[in-house]
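Chemist: Pasting a structure here, questions to come.
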Amino acid sequence: MITLKSPRELEIMARGGSILGATLRLMRETVRPGLTTEDIDAVAEEFIRSHAGATPSFKGLYGFPKSLCTSIDEEIVHGIPSRKRPLSEGSIVSVDCGVFLEGLHVDAATTIPVGQVSAQAERLMAVTQECLAAGVAAARLGNHIGDIGHAVQTVAEAAGFGVVRELVGHGIGSRFHEDPQVPNHGQPRRGPALREGMTLAIEPMITEGSYETRTLADKWTVVTADGKLSAHFEHTVAVTRDGPLVLTNPPG
Ligand code: MG
Ligand code: MG
């Protein structure tokens with residue numbers, strides 16, 4: 001079921017989104033070679049909980065043990081922070097996080113370079129951000145869910161990169177994953193029509209090579225089947241009369 005949010009609910013999600021945006025900016029400042037993914041998870045959890053009433057959405061969600069998903073290099077999503085996973089110079093780490101505030105969730109992700117990275121890794125991150133921007137821009141009244149995926153896919157494939165199919169964006173609100181699914185590929189005018197008050201987590205997962213995936217033995221971490229790099233950027237966006245409203249990266 002697709003839920004439409006009231007202005008009051010959008011205001012709460014914007015406040016949660018402000019905390020989440022600040023958390024991801026803090027991660028960009030914190031990430032450096034030698035820290036482990038568990039180290040940055042602890043920094044994020046403490047920061048989220050320092051805001052009255054805010055908790056990390058991921059902790060305990062479907063039994064996930066941490067506040068962040070940290071996915072390094074060929075890992076696409078759902079990597080589990082661990083003190084056994086030091087960040088190495090030249091890697092890229094995707095940091096995915098959610099905040100729960102006053103009964104509502106928000107969801108966002110960014111991919112962060114660890115020290116100096118290759119030109120190809122930089123290009124993959126830049127194109128994935130462009131994919132997210134194109135997807136967000138398509139989240140407007142008169143469009144359908146398929147227009148979002150089509151916009152993402154067009155940018156990714158023009159750059160020669162792959163679009164992950166098995167994992168998709170989603171509606172979000174009082175439950176972390178709500179309808180509709182928001183694929184990163186698709187046809188214009190297909191899928192549910194966008195309506196005022198819909199809140200969508202738009203999250204391109206873009207690969208350097210093939211878009212085929214596999215899941216590791218930990219049953220969480222999803223990696224590229226060919227071992228090539230993947231990047232992930234995400235915002236929670238509200239569909240409004242005035243156009244797409246990004247809730248997880250407010251102005252200022
Ligand atoms: Mg996410
Ligand atoms: Mg999401």
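Computed from the coordinates by the stated procedures, all read-outs in this text should not be read as laboratory data. Being a predicted model, the structure only gives us computed values, none of them experimental. Reconstructed Cβ throughout: ideal geometry from the backbone, glycine too, with neighbour counts over all protein chains shown.
Chemist: Once phi is turned into ³J(HN,Hα) by the Karplus curve 6.51 cos²θ - 1.76 cosθ + 1.60 with θ = phi - 60°, what whole-Hz value does each residue of region 153-165 show in order, with x for glycine and proline?
Modeler: These are the phi-based 3J(HN,Hα) values: 4, 4, 5, 5, 6, 4, 8, x, 9, x, 10, 5, 9 Hz.
Chemist: Here is a follow-up. Kindly write out, for region 113-118 in residue order, the coupling ³J(HN,Hα) from the Karplus curve 6.51 cos²θ - 1.76 cosθ + 1.60 (θ = phi - 60°), rounded to whole Hz, with x marking Gly and Pro.
Modeler: 3J(HN,Hα) across region 113-118, in whole Hz: x, 9, x, 7, 10, 5.
Chemist: Once the other residues with Cβ under 13 Å from the Cβ of THR224 are scored (Lys, Arg +1; Asp, Glu -1), what is the net sum?
Modeler: Once all neighbours under 13 Å are counted, the net charge is -4.
Chemist: Compute and list, largest first, the equivalent-ellipsoid semi-axes of the chain from the alpha carbon gyration tensor, each √(5λ) rounded to a whole angstrom.
Modeler: For the chain, the semi-axes come out at 26, 23, 15 Å.
Chemist: Which semi-axis lengths, in whole Å and largest first, follow from the square roots of five times the eigenvalues of the Cα gyration tensor of region 1-88?
Modeler: Value: 26, 15, 12 Å, ordered largest first.
Chemist: What is the sum of charges, Lys and Arg at +1 and Asp and Glu at -1, for the other residues whose Cβ falls under 14 Å from the Cβ of CYS97?
Modeler: -2
Chemist: SER82's amide H: which non-local residues (gap 5+, or another chain) put their own amide H closer than 5 Å, with H modeled 1.01 Å from N in plane and none for Pro or chain starts?
Modeler: Distant-sequence amide H within range of SER82: THR37, GLU38.
Chemist: Going by amide H atoms built from the backbone, whose H comes under 5 Å of the H on VAL77, apart from near neighbours?
Modeler: Amide H neighbours of VAL77, under 5 Å, 5+ apart: VAL222.
Chemist: Would you mind checking which residues have amide H under 5 Å from LYS59's amide H? H placed 1.01 Å from N; only 5 or more apart, or other chain.
Modeler: The list, which skips near neighbours in sequence, is empty: none.
Chemist: Something else: Kindly write out, for region 180-192 in residue order, the coupling ³J(HN,Hα) from the Karplus curve 6.51 cos²θ - 1.76 cosθ + 1.60 (θ = phi - 60°), rounded to whole Hz, with x marking Gly and Pro.
Modeler: Those phi angles translate into x, 5, 10, x, 9, 9, x, 10, x, 6, 9, x, x Hz.
Chemist: Also, quick follow-up: Using the charge dipole of the chain (Lys, Arg: +1 at Cβ; Asp, Glu: -1 at Cβ; taken about the Cα centre), state which of HIS51, ALA225, GLY162 has its Cα farthest towards the positive end.
Modeler: The residue sitting farthest along the positive end of the dipole is HIS51.
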